[in-house]
Amino acid sequence: MASTRSWFPPLSKPLPPSHHRSLCIQCPIKATYGIRPSKEAAVDRENLPIRKIPGGGGFPLIGPLRERLDYLYNQGPDEFFRSRIREYHSTVYRANLPSGPLVAQDMRAVVLLDGKSFPVLFDVTKVDKKDLFTGTFMPSSELTGGYRVLPYLDPSELSHAKLKKLVFFLLKSRRDRIIPDFRSTYGELFDSLELGISSSGRADFGAFNEYAAFDFLSKSLFGINPRETELGLEGPRIIGRWVMFMVGPVLTLDGLPRLLENLTTHTLRLPLFLTREDSMRLQGFFYSASRHVLDEAEKIGISREEAYHSLLFITCFNSFWGIKIFFSNLLKWISRGGVILHTKLAQEIRSAVRSSGGEVTMSAIEKMPLMKSAVYECLRIEPPLPIQYGRAKKDIVVESHDSAFEVKRGELMVGYQPLATKDPRIFERPEEFVAMRFVGEGERLLKHVLWSNGPEDGSPNLGNKQCAGKDFVVLVARLLLVQLFLRYDSFDIEMVAGPAGVSLMLTSLKRATF
Ligand code: HEM
C-alpha cells in the first residue's frame, strides 16, 4: 500500500505537515480564523546580480544516491528542500531527485522554492512540459493504449489543444449535474460517517471518501452510477492498483525495506501484464459511459481511442486521486481552525443558503467569502499536487527575490510548491493556516496561489498547462464545506498512523443546532 512518504505526493494519504509518525497525531501547526489582511511583502528588485546556481549533490554516483535517500527517507521532501535552502543561502539550487537511473532519464534538476522563481514553470514559451507530468519518471504509454495522454503533452504538440478542448467540453456539458450529484453522493457519505462514529467511535474519512469521490465523478461527469454496473464498489481499489503502475517508481511503500524498495520499485518498471485485467475493467466501465464525449472527440479531430485514454487518465488520476488527497487535507485544516472558525462558517453558509430560498446554488456560494477564502488557504498551505516540472526550451534567466540564475536549454527545473506558496516575502505568517487570508483586500494575493499549475486569478486555456479542472476542483471543495456546515455545527478529527499510512479519522460530527 502506498504510504505518505511518497515522492510523487498525490499517491498517498495526506501527511500532517510535521511528518511526525506517532499513533495519534496531534495538530502541531497553528490554524486560526482570522488576522488583519495579509500584506504582500515581496519587493521586486531591478538588476538582480547573476549568481552561479549552487548545489549539485557532491561526488558522482554517491552524491546523487545520498540526495535521493535524503529526499525519500532521511529527510522527506520538505526538510530536504528547506535544509538545502539554509546550506546554499538560496531558494534556487541544483539537486538530485528520485527516481532511479533505470526508470528516469535524468535526476538532476534546478529546484525553484520561492514564489518569484516558481511561476517560470507556467511560461510555456520558456519551459517545455513534454512528458514531465510525473516528473523524472514517465509511465509506459502501453498503459494508455500506446498514446501519450494529455497531462504529458506540451502545448506545442498538436493533440494538446484538441484534447484540452475535449476536457472543457466534458466539463461544460455536465456542469448542471455537479451540484445535485455532489449533494446526493456526499449526503450519503456523511450518513455513513455518522453511522461509523456511532458504532465504533470514529470513521475513516479517507476510506469513505474514496467511494464517494469515485461515485460522484462517475455520476457527474459520465452520468453512470458504478454501483449499478458490474464494477460495483471495486472502482477505487482497481484505480489504486492501476495508479501503482503509473507512478510506482516515484512512490514510497510501507512495509518494504528501503534498500529492497530502492533496488526494485524505484529502479525497475513493474511488468505491465500485471495490470492488464484492471485496465480492461476500467475500460469496460468508462468506454460506454463516455460515448457522448467520444462523439465530440471525432468532431474535434481526435480518434475515439486516443480521446478515451486521456479521459480515463484524467478521471482516474487527476480527478479521483486529486480529490482523494485534497478533501482529506481540507477537513484536516478546517478542523484545526477550531470551533470559532466552524461557527463562523456555519453562520455564513446557512445564511447564504437561506437567502437563496434554501437552495445551494452558484450564486449562494458566491455569498460565502470566508468559506471561499478557507478553501484557497488550504490549497495554498498544502497544495495537493505539490511538485511541478519543466525543461528549459532555451537559455533563460530565472529570478528569485535576491538573485538571477542562468538556466541552460534542456535543463530540468522542479518547483516544490509548498515552499513557494509559503514564501515569507509574499505571505504574512506563511506557515499558519489563516482561514480568512483571502477575504476582501486579501484577494489580491490569489495570484500567488499556485496549486493548478498557474495563478489562482488566471484561467486554463488551450495554450497553457493550467489544470483544466481548476474551477471544478474549487467548486467541489466549496460544496464539501457547504454540505458539512449545513449539517453540522462542528466536528473533530484524529490523524492516525497505521500500516497503510496516515488516516484522517472523524471522531465527532455535531449536528446543526441553529
Ligand atoms: C484536486 C484535484 C486536482 C488537482 C490538485 C489538480 C492539479 C493539476 C496540476 C498541478 C496540473 C498541472 C501538472 C503539470 O503539468 O505539471 C494539472 C493538469 C491537468 N488537470 Fe488537474 N488537478 C485536479 C483535478 C482535475 C480535474 C477534476 C480535472 C478534469 C476533470 C483535471 C484536469 C487536468 C488536465 C486536463 C490537466 C492537463 C492540462 C494541460 O495539459 O494543459 N484536473 N492538474
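The values are calculated or read from the model by the stated rules, or taken from the named source; none is laboratory data. What you see is a predicted model; the values in this text were computed from it and never measured. Positions of Cβ are generated from backbone atoms using ideal geometry, with glycine treated the same way; all protein chains shown enter the neighbour counts.
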Can you confirm whether residue 356 is in a helix (DSSP H, G or I), farther than 19 Å from residue 384 by Cα and without any contact (Cβ under 8 Å) to a residue 24 or more places away in the chain?
no
Output the qualifying pairs, or none if there are none: Cβ atoms under 7 angstrom, residues six or more apart or on different chains, first residue in the range 133-151 and among the small types (Gly, Ala, Ser), second residue within 13 Å of the ligand (Cβ to nearest atom).
135/8; 135/387; 135/389; 141/148; 145/309
Checking the condition outside any loop (DSSP other than H, G, I, E, B), touching a helix residue (DSSP H, G or I) at 6+ places or on another chain (Cβ under 8 Å) and either within 9 Å of the ligand (Cβ to nearest atom) or of a type in the set (Gly, Ala, Ser) (or both), which residue from 463, 458, 442 passes?
442
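To keep it simple, each residue is scored yes or no on (1) surrounded by fewer than 21 Cβ atoms within 10 Å (Cβ to Cβ); (2) at pLDDT 95 or above.
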residue: 107; (1), (2): no, no
residue: 112; (1), (2): no, yes
residue: 118; (1), (2): no, yes
residue: 123; (1), (2): yes, yes
residue: 130; (1), (2): yes, yes
residue: 137; (1), (2): no, no
residue: 142; (1), (2): yes, no
residue: 150; (1), (2): no, yes
I'd like to check something: does the range 366-373 contain any residue that is among the polar types (S, T, N, Q), crowded, with 16+ Cβ neighbours inside 10 Å and over 26 Å from the mean Cα position of the chain (by Cα)?
no
Got a sec? Which of 473, 496 is at pLDDT below 95 and surrounded by fewer than 22 Cβ atoms within 10 Å (Cβ to Cβ)?
496
Single residue of 324, 344, 332 found to be within 14 Å of the ligand (Cβ to nearest atom) and either more than 26 Å from residue 150 (Cα to Cα) or among the charged types (D, E, K, R) (or both):
324
The residue from 509, 504, 484, 479 that alone is in contact with a strand residue (DSSP E or B) (Cβ under 8 Å, 6 or more places away or on another chain), closer than 22 Å to residue 192 by Cα and either within 12 Å of the ligand (Cβ to nearest atom) or part of a helix (DSSP H, G or I) (or both) is 484
